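A short worksheet on the structure shown next.
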Amino acid sequence: MTERETTRLVAWSQELRQVHHRLREALHLTRTSLADGTPGESATRELLLYCHGFCAALDGHHQGEDRSLFPAIAAAHPELRPVLRALEQDHSMIAHLLGGLRAAVERAAPPEELDQHLEGIAAIMENHFRYEERQLLRVLEALELSAEPREVLGPL
């Protein structure tokens, strides 16, 4: 195995950590925008942009994992299939929570309600990321997967 191939293999664990970090930052910016926002149409539009960007990034990340990463892991490590199913269930739950947030933002729900949505998403997302990292980072360091990081881990 060449050094370039080794670098690409180890990079999957690094890529996952980086994507999780960027998603945490996007959630923080969204919550900060809500906390700092002033009532009115411009604040609602700004929050809608933050929420849309965050929701699209998190959805894209999970769709990429479900479509590309998890099948590759399952093929190489069949013993991890129960872990992957649990992570996919988390993805479904998070998608449902993101749908609730989108609906609340589109109907201009009060800031307190929006923050409740964001708080719920933050709690589930953080728990999910930590579990995923504990279970998969070592596997990702040796995973052979020929794909672009955006395809596998989403658009962030």
Tell me yes or no: at least one residue of region 53-69 is assigned to a helix (DSSP H, G or I), modelled with pLDDT of 90 or more, in contact with a Phe, Trp or Tyr (Cβ under 9 Å, 6 or more places away or on another chain) and not aliphatic (A, V, I, L, M). no
Name the pairs: first residue in region 77-93 and in contact (Cβ under 8 Å) with a residue 12 or more places away in the chain, second residue of a type in the set (S, T, N, Q) and in a helix (DSSP H, G or I), Cβ to Cβ under 6 Å, at least 6 apart or on different chains? Val83/Gln135
Count of residues meeting criterion [farther than 19 Å from Gly154 by Cα and under 13 Å from the mean Cα position of the chain (by Cα)] in region 73-115: 0
Would you mind stating whether Ala72 is modelled with pLDDT under 95, crowded, with 18+ Cβ neighbours inside 10 Å and of a type in the set (Gly, Ala, Ser)? yes
In the set Pro110, Pro78, which member is within 21 Å of Trp12 (Cβ to Cβ) and exposed (fewer than 12 other Cβ atoms within 10 Å of the Cβ)? Pro78
Whether any residue in region 25-39 is surrounded by fewer than 16 Cβ atoms within 10 Å (Cβ to Cβ), part of a helix (DSSP H, G or I) and at pLDDT 85 or above is what I want to check. yes
Given the conditions (1) free of Cβ contacts under 8 Å to residues at least 60 places away in the same chain; (2) among the small types (Gly, Ala, Ser); (3) touching a helix residue (DSSP H, G or I) at 6+ places or on another chain (Cβ under 8 Å), and given that Ala103 satisfies all but one, which numbered condition is not satisfied? (3)
In the list Glu144, Glu119, which residue meets the criterion of being farther than 19 Å from Ser33 by Cβ and either in a loop (DSSP other than H, G, I, E, B) or at pLDDT 85 or above (or both)? Glu144
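The values are calculated or read from the model by the stated rules, or taken from the named source; none is laboratory data. Since the model is a prediction, treat every value here as computed from it, not as a measurement. Reconstructed Cβ throughout: ideal geometry from the backbone, glycine too, with neighbour counts over all protein chains shown.
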